[in-house]
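A short worksheet on the structure shown next.
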Amino acid sequence: MATKIRLKRIGRRNRPFYRLIIIDSRKRRDGLAIEQVGWYDPLKKDKDSNFSLKEDRILAWLQLGAQVSDPVNKLMKRSGLAYRWHLMSQGLSTEDIEKAVTKWKEDRLEVLKNRKKAKLKKKEKISAEKAPAK
C-alpha cells in the first residue's frame, strides 16, 4: 500500500485547522486516516508553536516508505525533523545525529533572533521616517 503523510482539513469555514495524518495515497484529502501524527494551526501568530508533530511515529512511517506532501515537508523542515531524517538516511550513528540536530537547533534559534532584531529595526526606521513628516 502506498502511504502518504499529508494534511487533513478539519476547521470550519474561514478558520482552517489541519491534522497531519498517514493515509493511503489513493484516498481523498479528508478520507479515513490510518494514523494521526500531529496538527497544524495556520492562524496562530507564533509560527514556532502553531504545529505539533509526533516525530518518532513520522520517522517510523518514513522508514516504511511513506511519502511526504510539500506542506508537511515544510513543517518538518521548521521542526528539524527533515534534517534528522536526512542524517538517518545517510546512515550516521545516533550520537552523530543528536550532535548535528542540537547544533542545527542552536543555529535555528540564532536565525530567529536575528530575524526579530531585523524586524524591530525596520519598524523603528519606518516610525523615524514618519515622525519628522508631521
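The values are calculated or read from the model by the stated rules, or taken from the named source; none is laboratory data. In this text, all values refer to a predicted model and were calculated from it rather than measured experimentally. So basically every Cβ, Gly included, is an ideal-geometry build from the backbone, and we count neighbours across all protein chains shown. The area values use the complete protein model at the heavy-atom level, side chains included, leaving out ligands, DNA and RNA. Shrake-Rupley method; radii C 1.70, N 1.55, O 1.52, S 1.80 Å.
Restricting the stretch 12-39 to residues that are polar (S, T, N, Q) and more than 13 Å from residue 58 (Cα to Cα) leaves a set whose member that is modelled with the highest pLDDT is 14. Using the structure shown, decide if residue 92 is assigned to a loop (DSSP other than H, G, I, E, B), surrounded by 13 or more Cβ atoms within 10 Å (Cβ to Cβ) and out of contact with any His (no Cβ under 7 Å at 6 or more places or on another chain). Yes; evaluated as a whole, the condition is true for this residue.
Yes or no: residue 70 at pLDDT 95 or above and surrounded by fewer than 14 Cβ atoms within 10 Å (Cβ to Cβ)? So residue 70 fits the description; yes.
Look at (1) open to solvent by 30 Å² or more (accessible area, probe 1.4 Å); (2) in contact with a helix residue (DSSP H, G or I) (Cβ under 8 Å, 6 or more places away or on another chain); (3) modelled with pLDDT of 90 or more; (4) within 28 Å of residue 113 (Cβ to Cβ) and you find that residue 80 fails only one, number (1). Within the stretch 102-128, no residue that is closer than 18 Å to residue 84 by Cβ sits with its Cβ atom under 8 Å from a residue that is of a type in the set (Asp, Glu) and modelled with pLDDT of 90 or more at 6+ positions apart or across chains. For residue 107, the conditions (1) farther than 22 Å from residue 63 by Cα; (2) open to solvent by 80 Å² or more (accessible area, probe 1.4 Å); (3) within 20 Å of the chain's Cα centre (by Cα) all hold with the exception of (2).
Pairs are defined by a Cβ separation below 6 Å, a sequence spacing of at least 6 or placement on different chains, a first member in the stretch 76-99 that is without any contact (Cβ under 8 Å) to a residue 40 or more places away in the chain, and a second member that is of a type in the set (Asp, Glu) and surrounded by 13 or more Cβ atoms within 10 Å (Cβ to Cβ); the pairs so defined are 81/55.
Residues in the stretch 22-62 that are within 21 Å of residue 98 (Cα to Cα) and of a type in the set (Val, Ile, Thr): 58 alone. So, in the stretch 7-52, of the ones that are under 12 Å from the mean Cα position of the chain (by Cα) and not in a loop (DSSP other than H, G, I, E, B), which residue ends up surrounded by the most Cβ atoms within 10 Å (Cβ to Cβ)? Across the stretch 7-52, the extreme among qualifying residues is 20.
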